[in-house]
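A short worksheet on the structure shown next.
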Amino acid sequence: MERLDKFLCDCGVGTRSQVKAILKAGRVRVDDRPEKDGSRKIDPGSSRICLDGQSLGTAGTVVVMLHKPEGYVTATEDKQEKTVMELLPEQYRHLDLKPVGRLDKMTTGLLLFTNDGELLHKLISPKNRVQKIYVASHEGQASEADVLAFREGMELRDGTKCLSAVLEPLGPGQSRITVCEGKYHQVRRMMAARGMHVQKLHRQQEGSLTLGDLPLGQTRQLTPEEIEQLTIDNYL
Ligand code: URA
């Protein structure tokens, strides 16, 4: 059993004072009854806790999506560079969230964070083939031969072998690339191996999840339904 206010903080609902205000406003229900008392003891394994009508789940898994801007490195700390952790609002800071995979400093787009090590592993392990979809602006024009090379599983300039991937030319100097692994600078290196230097890279999608209308630099927490969907759908 644990206090309701602590549980809400641990779910990333808000800071302690924000949680107090949320409870006072009557936005929380425990087992379908309104609850304003933060000291109320609940069992996270069996109580149904809802905020604004939406279930907060019981397993304590938090997943946060960031629309990453350019200029931030994906690391939990760095002596010289700004890190993506600085973009997480205060209510998530104590949750020990880790970035799921990495985006380069100059790559924009969808980056997930979670406190659930097992989920993190599921999402990044090439074995599970969770798709990651990027749009690249690049030099040159992707050809049918390039599409084929991606599909066959290409070899990078240093001999690294890549799993089968999908290259879709979108127009002059623009392509969509779908991969299911996350080797260092993978998309940039795959494109370079085919003579197409990448100038801009944006991740649109991971598993079933897209950024939607989340503004650049902003975060939002995934619902339990979205978390479940993430790992059962959309494999390459
Ligand atoms: N591939 C890259 O080259 N860079 C990224 O940031 C992500 C995938």
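None of the figures in this text is laboratory data; all of them are computed from the coordinates on show. Predicted model, so just to flag it, every value in this text is computed and none were measured. Glycine gets a Cβ as well: all are built from the backbone with ideal geometry, and neighbour counts include every protein chain shown.
Site-free segments of the chain were taken between trypsin sites (Lys or Arg not before Pro) in DSSP loops having at most 10 other Cβ atoms within 10 Å, sites themselves excluded; the longest one is 158-236. Approximating the spin labels as points 7 Å out from Cα along Cα→Cβ, the residue 185-to-residue 17 distance works out to 4.5 nm. With a ≥ b ≥ c the root eigenvalues of the C-alpha gyration tensor of segment 2-55, is it rounded (a/c under 1.5), prolate (a/b larger than b/c) or oblate? Judged from the Cα gyration tensor, segment 2-55 comes out rounded (a/c under 1.5).
Roughly how many whole Å is it from the C-alpha centroid of segment 81-100 to that of segment 1-43? Rounded to whole Å, the Cα centres lie 23 Å apart. For the listed residue pairs 6/122; 105/161; 105/132; 20/41; 127/200, the alpha carbons are over 21 angstrom apart in 6/122; 105/161; 127/200. Using θ = phi - 60° in the Karplus curve 6.51 cos²θ - 1.76 cosθ + 1.60, the 3J(HN,Hα) couplings for segment 161-175 round to 8, 10, 6, 3, 9, 10, 10, 10, x, 9, x, x, x, 9, 9 Hz; x is entered for Gly and Pro.
With no solvent and one equal point scatterer placed on each C-alpha of the chain, evaluate the Debye formula and give log10 I(q)/I(0) for q = 0.09, 0.15 Å⁻¹, two decimals. Cα-only, vacuum Debye calculation for the chain: -0.45, -1.00.
Judged by the ratio a/c of the largest to the smallest principal axis of the C-alpha gyration tensor, segment 55-103 counts as prolate, that ratio being 1.5 or greater while a/b is larger than b/c.
Using a Cα-Cα cut-off of under 18 Å, which aspartates and glutamates could be cross-linked to residue 183, ignoring same-chain neighbours fewer than 8 residues away? Of all the aspartates and glutamates, those that pass the test against residue 183 - Cα under 18 Å, at least 8 places apart if same chain - are 104, 152, 155, 158, 206. Here the label points at residue 163 and residue 3, each 7 Å from Cα along the C-beta direction, are separated by 4.4 nm in the simple model. For segment 131-206, rounded, prolate or oblate, judged on the Cα gyration tensor with a ≥ b ≥ c (square roots of eigenvalues), a/c < 1.5 rounded, else prolate if a/b > b/c? It comes out rounded by the Cα gyration axes.
Once you charge only the Cβ atoms, +1 for Lys and Arg and -1 for Asp and Glu, what is the size of the charge dipole of the chain about its Cα centre, to the nearest 20 debye?
Details: 34 positive and 33 negative charges, 76 e Å.
That gives a dipole near 360 debye.
Once the Cβ-Cβ distance between residue 121 and residue 143 is put in as r, and R0 is 41 Å, what FRET efficiency do you end up with, to the nearest 0.05? If you can, show how the numbers build up before the last one.
On the way: r = 36 Å, r/R0 = 0.89.
That pair, residue 121 with residue 143, gives E of 0.65.
What you get for segment 131-206, charging only the Cβ of Lys and Arg (+1) and of Asp and Glu (-1), is a dipole of about 240 debye around the Cα centre.
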